[in-house]
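K.L.:
Before anything else, here's the structure in question.
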Amino acid sequence: MLPACRVLPVLLAAVWLAACSTRSEVAPAAAPAGVASVNEAVASPAPSQRKDEAASVAPVDAPKPPPPPYYPAKPDGKAKEMAADRVMAPVSQPATLAVTGSAILHKRVGVAPNSPQSGASMAYVAGTPAPYAEPENRERYQHTERHGVVRVAETPVSTFSIDVDTGSYSNIRRMLNAGQLPPRDAVRVEELVNYFPYAYPLPQRAAPFAVTTELAPTPWNPDSLLLRIGIQAADPAKSSLPPANLVFLVDVSGSMEQPNKLPLLKQSLKMFVNQLRPQDHVSLVTYASGTAVVLEPTAGDRKAVIHAAIEQLRAGGSTAGAAGIELAYQMAEQGFEKQGINRILLATDGDFNVGISRFETLKDRVAEKRRSGVSLSTLGFGDGNYNEQLMEQLADAGDGAYSYIDNLNEAQKVLADEFTSTLATVARDVKIQLEFNPANVLEYRQIGFENRALKREDFSNDKVDAGEIGAGHRVTALYEIRLAGKPGQIEPLRYGSDKPLQSGMAQELGFLRLRYKAAHGEASQLMEFPVRRDAVKAEASEDFRFAAAVAAFGQRLGDDGKYLGKFDLSQIRALAANARGEDRFGYRGEFLRLVDLSMRVQQ
């Protein structure tokens, strides 16, 4: 700090500089987003002091520097919850000069005020672009090891849990719309494929779902076939669903104040409330530095009351997410419906920083509560600090679904158009096992479902948890297979031997098994279907071709098309465009636009 005897001369010099249009002016730099400005960091003088100084020193209206360039990745709102001096830029950024009361203070982002690197000489001249460091991106994704090619003679059985999540697709859409390619671990191919509706036949009689298979040549490889397994869940009318006991668990911490977080979240929840019936009940729990019950269980026909409770939510504070989850389960138990639907909807950016924040501990706690009959689904919002790994895995542990809401159209899709799917479960612990016939199939590769893989023995073990299917949900699984007699990608074992065929199985390429539990049952049931060689089509159906295009797009983004050969984005786009079909909601047209965006981003 300058000696008191030098303050007045310096202030007068500042006034003189401001009056001279031909001279360069010293101006304060705008503090980076998430960091307090100098004036905010210094305590304001008392009113009497301000009056005395105003009488002796004229105000300095220094021109503002040009705004920093726009970066699609938004600043981390959590910085506002932490220290104002948080490092947000490299030490080479110039200092800012501020005149405050009786002292001249300078603050350089990332440099201590008394360090040798700070000083008035570091102030930049007005008219020069303000230096800007792109905010730190703290988004987190679970690492994914992609499926490789498997030789049937060595490993003939593939087992996995079903998955109805779609969050990966809308999250990738958000990044592409911002001119960014997604990190590879953000790409889960099955969630891209399952984002779109397909015309699968509905189940007959009392079955919870129907299963179909289709075989056709692989678009990117003339030496292989693509196998599609399609599952269509029963879709009961909304009026026939049992009463629902719902808890909205909303993150209102400081990081949620961005427009694509709490403001979008509030609009989204109101859409969901508009679908509720009189027999449904809703509670609202919030968490930030602490937790609060904003709304006790309220009937679904009291929409104005519920809307008002949602509207008054404001962001601020840190993020005690674990405590919020505990309180939400307490509210769910308070309004528990023995023969109804009991579900928590967790809406957050997933950035927990107070209390229990260890991923496995949170996941285990949700899995434990799941056994009490209360499921948990997650709605992800925002960017910059988004913890997608937590959101996806908590929904998995809670017998729920994970969705990412990047705009109001997605909110409409998830919370209004697919209301019954979001709300009701028709089958639990759904597992799929596909055994390939080594006499007819040389190799196979599963496309997607990497983090849903199960051990072979898990298929018949009812204690092993698996995914759920909501009312009206559709699930698609894809395998690329090479028939026996075609060139393979794996060298055969020297001492291996094929299993001899039993009578009547010569035409089978494989055998498909599904095991599931009824929505309120404990014992699993088994469904079985042969996959026959004579079912291979010369040309895939329109839906199949579009699903193949989406899967190819996911592979391009996820592992740079390791198994696609020369099948590039332009060919993917052509395949999807020729299979666009009716496209009632415009989802497929939007996909074509995303492929176009990815081509431009990669140029």
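The values are calculated or read from the model by the stated rules, or taken from the named source; none is laboratory data. No experiment lies behind these values; they were computed from the predicted model shown. Every residue, glycine among them, receives a Cβ derived from its backbone with ideal geometry; neighbour counts consider all protein chains shown. In case anyone asks, the SASA skips ligands and DNA or RNA and just uses the protein heavy atoms, side chains included. Shrake-Rupley method; radii C 1.70, N 1.55, O 1.52, S 1.80 Å.
K.L.:
With a 1.4 Å probe and every protein chain left in place, work out the accessible area per residue of the range 298-396 in Å², rounded to a whole number. Could you put the intermediate results ahead of the total?
P.N.:
Values: 3600 Å² over 99 residues.
With all protein chains present, the range 298-396 gives 36 Å² per residue.
K.L.:
Counting only protein heavy atoms and a 1.4 Å probe, tell me what percentage of the range 244-423's accessible area is made up of carbon and sulfur. Spell out each step's value before the answer.
P.N.:
On the way: 2780 of 5740 Å².
About 48 percent, which is the carbon plus sulfur part of the accessible surface.
K.L.:
Among 572-579, 481-488, how do they line up by average Cβ neighbours within 10 Å per residue, starting with the highest?
P.N.:
Values: 572-579: 19.1, 481-488: 15.4.
Order by mean packing, descending: 572-579, 481-488.
K.L.:
Within a Cβ distance under 12 Å of Thr144, other residues only, what is the Lys/Arg minus Asp/Glu net charge?
P.N.:
On the way: positive: Arg146, Arg184, Arg188, Arg452; negative: Glu145, Asp185, Glu190, Glu191, Glu388, Glu392, Glu450, Asp559.
Charge balance in the 12 Å sphere: -4.
K.L.:
Out of the total accessible area of the range 135-181 (probe 1.4 Å, heavy atoms of protein only), what percent is carbon and sulfur? Display every interim value, and only then the final one.
P.N.:
Working: 760 of 1670 Å².
It is 45 percent, rounded to a whole number.
K.L.:
In Å², and per residue, what accessible area does the range 221-266 have when probed at 1.4 Å with the other protein chains present?
P.N.:
27
K.L.:
Which number gives the lysine pairs in the range 244-423 that have C-alpha atoms under 18 Å apart and are eight or more places apart or on different chains?
P.N.:
Values: Lys261/Lys270; Lys261/Lys413; Lys266/Lys303; Lys266/Lys413; Lys270/Lys303; Lys270/Lys413; Lys338/Lys369.
The number of close lysine pairs in the range 244-423 is 7.
K.L.:
Follow-up question, since we're still on this one. Among the aspartates and glutamates, which fall within straight-line cross-link reach of Lys486, defined as a Cα-Cα distance under 19 Å, with same-chain neighbours fewer than 8 residues apart omitted?
P.N.:
Glu154, Asp223, Glu443, Asp498, Glu508, Asp534
K.L.:
Using only the Cα atoms of the range 399-457, build the gyration tensor, take square roots of its eigenvalues as a ≥ b ≥ c, and label the shape rounded, prolate or oblate: rounded if a/c is under 1.5, else prolate if a/b is larger than b/c, else oblate.
P.N.:
Details: a/c = 3.21, a/b = 2.26, b/c = 1.42.
Prolate shape, in that a/c is at least 1.5 and a/b is the bigger ratio.
K.L.:
Further, regarding this structure: Enumerate the amide H contacts of Ser253 below 5 Å, restricted to partners 5 or more residues apart or on another chain; note that Pro and chain-start residues carry no placed amide H.
P.N.:
Gly316
K.L.:
Follow-up. Given the protein chains as shown and a 1.4 Å probe, how many square angstrom of His520 are accessible, to the nearest 10?
P.N.:
Number for this one is 140 Å².
K.L.:
Under the classification rounded if a/c is under 1.5, otherwise prolate if a/b is larger than b/c and oblate if not, where does the range 244-423 fall, given a ≥ b ≥ c as square roots of the Cα gyration tensor eigenvalues? All intermediate terms of the calculation are to be shown ahead of the outcome.
P.N.:
Details: a/c = 1.36, a/b = 1.11, b/c = 1.22.
Judged from the Cα gyration tensor, the range 244-423 comes out rounded (a/c under 1.5).
K.L.:
Right, another one. Shape verdict for the range 458-603, please, from the Cα gyration tensor: rounded (a/c under 1.5), prolate (a/b greater than b/c) or oblate. Could the numbers behind the result be given before it?
P.N.:
Numbers: a/c = 1.96, a/b = 1.27, b/c = 1.54.
The shape class here is oblate.
K.L.:
Using the Cα centre as the reference, give the magnitude of the dipole from point charges on the C-beta atoms of the range 244-423 (Lys, Arg: +1; Asp, Glu: -1; all else neutral), rounded to the nearest 20 debye.
P.N.:
Numbers: 16 positive and 23 negative charges, 93 e Å.
My answer is approximately 440 debye.
K.L.:
What ³J(HN,Hα) values, in whole Hz, does the Karplus curve 6.51 cos²θ - 1.76 cosθ + 1.60 give for the range 205-215 when θ = phi - 60°, with x put for Gly and Pro?
P.N.:
6, 9, 5, x, 7, 10, 10, 10, 10, 8, 10
K.L.:
Got a sec to turn the phi values of the range 290-298 into Karplus ³J(HN,Hα) couplings, 6.51 cos²θ - 1.76 cosθ + 1.60 with θ = phi - 60°, whole Hz, x for Gly and Pro?
P.N.:
Karplus values, whole Hz, x for Gly and Pro: x, 10, 7, 8, 7, 9, 5, x, 10.
K.L.:
Each residue of the range 530-538 in turn: what ³J(HN,Hα) in whole Hz from Karplus with 6.51, -1.76, 1.60 and θ = phi - 60°, glycine and Pro shown as x?
P.N.:
x, 10, 9, 5, 6, 8, 5, 9, 5
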